[in-house]
Structures are given as structure tokens and as C-alpha cells.
Amino acid sequence: METWTLLAQGFGVALTLQNLAWCLIGCTLGTAIGVLPGVGPALTIALLLPATAKLDPTGALIMFAGIYYGGMFGGSTTAILLNTPGESASIVTAMEGNQMAKRGRAGPALATSAIGSFVAGTIATLLLTLLAPVVVEFALQFGPAEYFALMVLAFTTVSTVLGSSALRGLTSLFIGLAVGLVGIDAISAQPRFTLGIAELLDGIDIVVVAVGLFAVGETLYLAAYYAQAEETMEKMGGSIWMSRDDWKRSWKPWLRGTAWGFPFGSIPAGGAEIPTFLSYATEKKLSRHPEEFGQGAIEGVAAPEAANNASSTGSLVPLLTLGLPTSATAAMILAAFQQYGLQPGPTLFANTPQLVWGLIASLYIGNVMLLILNLPLVGLWVKLLQIPRPSLYGGILMFATLGAYGLRQSWFDLFLLYAIGLAGFLMRRYGFPVAPVIVGLILGPLSEQQFRRALAISQGDMSVFVAHPISAVLLVMALAVLAGPWLLRWFRRTRRA
Amino acid sequence: MSERAGQLTVAAGVLLIGIALAIGAWLLPEAAGYARVSVRLFPGLIAAALIVVGLLLLREAATAVGFRNLPEEPRGRLNWPAFGWVSAGVVAHMALIAGIGFIAASTLLYVAAGRGFGSARPVRDALVGIVLSAAVFVLFTQALTLSLPWGAWIPALW
């Protein structure tokens with residue numbers, strides 16, 4: 001079993017004092033920003049990118065991964081106590097968990113989500129360990145046409161499956177792709193769409209876009225519409241420990257939640273929201289007390305929390321093996337790889353096994369750390385929720401401007417930051433999702449490279465994308481995702497008529 | 001601006017970006033001798049896609065329902081003063097950072113944003129802002145070797 005040898009070597013890397021420290025920093029930071037409303041893992045990684053450019057890649061990536069799944073752990077705390085989901089994957093937790101908190105059962109709700117996240121995260125990491133080498137083996141057959149088709153599939157799922165409107169999702173995606181065009185063209189070495197501005201020759205940095213959309217846009221939106229809003233926080237009532245009955249009602253939902261979350265994360269199906277909703281519906285159906293749902297049923301917290309953690313770990317499968325991000329945070333981790341001149345994919349596994357397997361091993365360790373950070377120390381994190389909102393958003397903006405300015409000490413990046421922030425404000429106001437912009441921006445240049453490479457090999461013959469069987473299947477899948485719901489509606493309408 | 005006018009404006013904006021991109025793609029100089037794939041092709045495809053979604057958005061916005069399935073939020077009227085304070089903070093920071101230094105510009109931003117979110121204690125905010133940005137300055141310039149402007153008017157401490 002070569003996998004286990006590689007994993008053992010990975011543990012050798014992850015268990016060095018230095019990398020353990022990075023893992024702990026990442027998990028702690030992840031939990032903190034998960035708890036804080038208004039700051040998510042994608043924003044945090046974006047802010048840290050300029051500051052970590054000179055660090056050792058393995059340590060930095062271990063930290064970023066810790067931020068990624070630490071944010072999932074921490075998000076549930078805010079969802080349960082404040083009923084404001086820190087991110088969309090915690091919406092279901094907010095519904096049910098806040099009801100538990102209102103009935104003085106905040107403790108067990110926090111415990112079942114923390115232990116459930118741990119169980120799901122660990123199982124999902126095990127599945128990642130087993131699955132990654134298989135996908136890598138398969139991906140070795142991929143040429144430029146297959147990679148391009150794969151990216152098209154990721155584009156369509158990220159922008160249409162997620163969110164409330166496929167049209168607005170696609171708009172966001174194309175905007176992201178358009179922003180990705182700006183700068184010097186990698187193949188012909190000509191400047192494109194720079195409007196003659198020297199600062200734009202290097203392109204628009206993903207850090208500025210992510211921070212502009214997530215920090216400036218969001219802050220403007222909240223200031224404009226919710227500056228005077230009052231929030232009520234539930235008390236940390238009840239024992240933090242779960243009763244025998246709580247355990248009995250939680251363990252099966254944890255496993256079922258994992259079973260929903262992992263596959264959704266690992267196929268490029270976009271986001272952790274859908275599996276949380278599906279697992280919630282499953283528990284409601286299977287429960288002997290369906291009437292408790294909506295009134296604080298522990299299953300309704302346990303399963304979705306397991307699902308969102310399993311899904312976020314699952315999304316590391318396409319990210320590491322194919323270089324394909326399916327969420328904004330995964331896209332930022334891809335940007336981190338690129339910062340160190342690394343491109344995730346089969347060659348990453350072949351060329352830098354210590355880094356990849358060290359990273360995977362760190363996930364096992366990080367899950368244990370997070371369990372400890374979140375269960376006994378939850379009272380500490382709750383204090384973060386008491387930061388007054390003027391200070392919170394003032395602080396967010398301070399770090400946002402620092403992140404943009406830190407790139408190359410240019411006021412122009414701050415100008416872009418505000419302009420993109422205004423765009424983000426409008427997107428939020430009119431219901432355009434942000435994640436497709438980020439994924440489009442980072443994958444756009446890569447997909448163009450593969451597109452042109454495939455056409456160069458085929459001497460400009462466009463049929464190359466359907467002539468290769470794998471590529472053809474992927475493109476048909478993308479088309480099905482895109483046209484499926486529309487065809488279904490049309491079919492229903494014509495049958496009724 | 002009414003909801004409908006806003007949606008129409010946003011949709012028209014998307015369409016305009018698409019058209020601008022199409023013109024830009026058309027004007028790209030063709031790279032000589034590159035294997036039969038025009039440099040205009042990929043940007044052209046994105047421009048075409050933006051024009052299509054822009055038109056579809058315009059069509060949605062023009063109907064009585066407007067954009068489909070907008071998330072429902074208990075949103076009140078736009079609070080212009082709050083929006084203005086936050087914006088002013090960011091813009092002032094951009095204009096002033098090179099001159100007055102990181103700490104002063106960040107403190108200004110912190111106070112303005114706090115004001116936007118309803119803080120009534122600017123002096124306390126300024127003190128917190130100075131301490132916070134000074135700590136960040138030391139951390140980033142000393143530990144992470146990022147270079148940030150100190151501000152020529154402040155005498156150097158080291």
C-alpha cells in the first residue's frame with residue numbers, strides 16, 4: 001500500500017514542530033474568523049497572501065487549510081448563538097441551532113456541531129487519502145482538451161447550481177473571466193485590456209478582487225442597510241456536555257451528514273450549501289420526532305454541520321488532484337499555491353509528495369486541534385461576538401486596505417479596492433453571487449491556456465473538444481447542468497398547455 | 001432610484017461591459033505566426049457571453065417581476081450617511097497613506113468606519129485605532145518584512 005507509506009511520510013512532515021505551529025495558527029485563526037460575522041476564510045486567506053509570500057510553502061499551505069476548515073467549525077458557533085449564519089453553509093445550523101439555544105440548550109448544540117464536524121472532517125480526510133491517488137492516476141490521461149472541458153464543467157456548476165438565479169450566477173462568472181483577461185497575455189506576451197495603465201500590466205490581483213468584494217463590498221452593504229440594526233445574542237445556557245440521549249440522537253446524523261457532504265464537495269458541484277439542506281431534509285424525514293424540527297431538534301444541527309465539514313474537505317479532492325477550485329475559499333487556496341509557483345494536479349503529487357502528503361496529514365491533526373479548540377474553549381470564542389460592530393467593521397477595513405496596499409505599496413491598488421468594493425455592493429444589493437467571480441478570475445487564465453493549447457495541437461480544429469471522449473462527456477455534463485432546469489421547466493409548461 | 005430603475009441600470013451596465021470588451025477584443029493586434037488560434041477568440045467568446053447575459057438581464061428587469069428569485073431581506077432604505085462615512089474613510093486612506101503614513105491613515109479609516117456604523121465616541125475610536133494600527137505596523141514590518149510607509153512627519157522611533 002503505497003498510499004499509507006506516503007501518508008506516513010506526510011505525518012513526518014506535518015508533525016515537525018514548525019508545521020504543527022502553522023497548523024495551530026491556522027486552526028485558531030480559522031475558528032476566530034469563523035466566529036466573527038463579516039469575516040470568512042476566503043477573505044482571511046486573501047489578506048494573508050501578500051504577507052506570506054516569503055514563507056515556506058508547506059507551512060503556509062498547512063495554515064491556509066487550517067483556516068479553511070477552522071472557519072467551518074467556528075461558523076456554527078455564530079449561527080447557533082446569534083442566528084446570523086457566518087456563511088451560507090451554516091444557514092441550516094442557524095435555523096435549528098438557534099432554536100436550541102433559545103430553549104437553553106446552546107451547550108449541547110455547540111457540542112454536537114463540534115464533535116460532528118470532527119467526525120465528518122476525519123472521515124472525509126480518510127476518504128480524501130484513499131481517493132486522491134486514484135483521481136491522480138486517472139487525471140494523468142488528461143490533455144489540454146480534457147482540462148478545458150473540466151474547467152467549463154466547474155464554471156457551470158459553481159455559477160448555476162449555487163445561488164438563486166443561474167442567470168445572475170453566470171453574469172458573475174463572466175465578469176470574473178473578463179477581469180482575468182486584463183494584463184499581459186501569457187501566450188502572446190501582449191498587453192490586453194489595460195487601457196494604457198501601467199499598473200494593470202500585471203493584471204488585477206486576486207487579492208484586491210477578493211478583499212474588495214468580501215470586505216469592502218460587504219461592509220458598504222451592511223453600513224448602507226444595517227448600520228442601525230440590533231442583534232440579540234443567546235446566552236451560553238446549559239451544560240456544554242451532551243446527555244446520553246443527545247449522543248444517541250447525534251451519531252447517526254453525523255455519519256449521514258458526512259455521506260451527503262463528501263460526494264458533493266469532491267465532484268465539482270459547487271459549495272457546501274446543498275448537502276446541508278439535503279442532510280437536514282433527510283433527518284427530518286427519518287426522525288421519530290419530525291415535529292421537533294424547527295423547534296430545536298439536535299439532529300437538525302448534527303447532520304448539516306457534519307455535511308458542511310465533509311463537503312469542505314471533499315472539495316480538496318478536485319483542488320489538489322486537478323487544480324479545480326469549487327468554492328471561493330478553494331480558489332484562494334489555489335491562488336496561494338500559484339504564489340509559490342506550484343500548480344495543483346497530478347504533477348504536484350509526483351514532484352512534491354512531501355508537500356501534498358504533509359498537507360493531507362495536517363488535516364488529521366488539525367481536526368483534533370479544532371475539537372480541542374472548540375469544545376472546552378468555546379466560552380472564549382463567544383467573547384469575540386461581543387466586539388461592537390463599529391470596531392469590528394473598522395478593523396475589517398483596516399486589514400482590507402492593508403492587504404491591498406501590502407501587495408506593492410501602490411495607491412492604485414487601493415483605488416481598485418474601492419471600485420471593486422462598489423461593484424461588490426451592487427452585486428450584493430441585486431443578488432449576484434460573489435464566488436463565481438473569484439473562481440472565474442483564477443481559473444479563467446488557466447482555462448484560456450488549455451483552450452489555446454488544445455487548439456494549437458489540433459491545428460485550430462474546434463472539434464477537438466468533442467472528439468476526445470472524456471472531454472465530450474464533461475462538456476455534455478456541463479450542458480446538462482446549464483440547460484437541465486430550463487428544459488425541465490419548458491417540458492412542464494408544454495405538458496400543461 | 002426605484003427598484004426597477006436600479007435593476008435596469010445594473011443590467012445595462014453588464015451589457016456595456018460586454019460591448020466594451022468586444023471592441024477591445026476586436027482591436028487586439030493579431031500575434032504573428034501563432035498556430036491558427038486567434039488571440040481574439042477567447043476574449044471574444046467572453047464578450048459575447050457578457051452581451052447575452054446582459055440582454056437577458058435587461059429582459060428580466062423590464063418585466064413587472066424584475067430579477068427572478070431575489071433573496072428576501074428585511075432591508076430598509078439606503079442609509080446614505082453611513083454609506084458615505086465608510087466610503088470617505090476608504091477614499092481618504094487611499095489619498096493620504098503615502099503622505100501621512102500607515103498608522104495615521106488607518107486610524108482615520110477606523111474612526112470614519114466606526115462613525116458609519118453608529119459609534120458616538122470618535123476620540124475613543126481614534127485611540128483604539130492608533131494602538132491597533134501601530135501593533136499591525138510593527139507586526140507586518142518587523143515580523144513579516146512587509147514595507148509600509150511610516151509617515152515623514154512622524155519622528156522615527158528607531
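Bear in mind that the values in this text are calculations on the coordinates, not laboratory data. Here the structure is a predicted model, which means the values were calculated and not measured. A quick note on method: Cβ atoms are made from the backbone with ideal geometry, for glycine too, and the neighbour counts reach across all protein chains shown.
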* Taking the range A:154-194, which chymotrypsin sites (Phe, Trp or Tyr not before Pro) meet the DSSP loop condition and have no more than 13 other C-beta atoms within 10 Å? -> none
* A:Lys248 versus B:Leu127: modelled label distance in nm, points set 7 Å from Cα along the beta carbon direction -> 5.7 nm
* With a ≥ b ≥ c the root eigenvalues of the C-alpha gyration tensor of the range A:2-496, is it rounded (a/c under 1.5), prolate (a/b larger than b/c) or oblate? -> rounded
* Most exposed first by the Cβ proxy, i.e. fewest other Cβ within 10 Å, how do A:Ser410, A:Ser287 rank? -> A:Ser410, A:Ser287
* Taking the Cα-to-Cβ direction at A:Phe138 and at A:Leu487 and moving 7 Å from each Cα, how far apart do the two end points lie in nm? -> 2.2 nm
* Structure fact -> For the range B:14-158, whose charge dipole is built from +1 on Lys and Arg Cβ atoms and -1 on Asp and Glu Cβ atoms, the candidate among B:Trp150, B:Ala134, B:Val52 with its Cα farthest towards the positive end is B:Val52
* Provide a whole-number value for the mean count of partner chain Cβ atoms within 10 Å of the Cβ atoms in peptide A:459-471. => 1
* Quick one: compute the contact order of chain A, relative version, from alpha carbon pairs under 8 angstrom and 6+ residues apart, as a percent. => 29 percent
* Structure fact -> For A:Asp185, the residues 5 or more places away or on another chain with a placed amide H closer than 5 Å to its own amide H are A:Gln190, A:Arg192
* Asked: Taking A:Lys383 as the anchor, which aspartates and glutamates have their alpha carbon closer than 16 Å to its alpha carbon, excluding any fewer than eight residues away along the same chain?
  -> A:Glu231, A:Glu234
* To do: Report, ordered by chain and residue number, the lysines lying within cross-link reach of A:Lys248, taken as a straight Cα distance under 23 Å and ignoring same-chain residues fewer than 8 apart.
  => A:Lys102, A:Lys284, A:Lys285
* To do: Step through the residues of the range A:277-284 one at a time and calculate ³J(HN,Hα) from phi using the Karplus curve (6.51 cos²θ - 1.76 cosθ + 1.60, θ = phi - 60°), rounding each to whole Hz and writing x for Gly and Pro.
  => 5, 5, 5, 4, 5, 4, 5, 5
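If we count other beta carbons within 10 Å of each Cβ, what is the order of B:Ile154, A:Ile67, B:Ile97, fewest first? All intermediate terms of the calculation are to be shown ahead of the outcome.
On the way: B:Ile154 11, A:Ile67 29, B:Ile97 25.
The most exposed by this proxy come first: B:Ile154, B:Ile97, A:Ile67.
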* Once phi is turned into θ = phi - 60°, what whole-Hz ³J(HN,Hα) does the Karplus curve with 6.51, -1.76 and 1.60 give for every residue of the range A:433-438, x standing for Gly and Pro? -> x, 8, 3, x, 4, 5
* Roughly what would the spin-label model give for B:Thr145 and A:Glu2, points 7 Å off Cα along C-beta, in nm? -> 3.7 nm
* Calculated from backbone phi, Karplus (6.51, -1.76, 1.60) coupling profile of the range A:474-481 in Hz, x at Gly/Pro -> 4, 5, 5, 4, 4, 5, 5, 4
* To do: Please report, in debye to the nearest 20, how large the charge dipole of the protein assembly as shown is about its Cα centre when each Lys and Arg carries +1 at its beta carbon and each Asp and Glu carries -1 there.
  => 1320 debye
* Taking neighbour counts of Cβ atoms within 10 Å as a proxy for exposure, in what order, fewest first, do A:Asp461, A:Asp185 appear? -> A:Asp461, A:Asp185
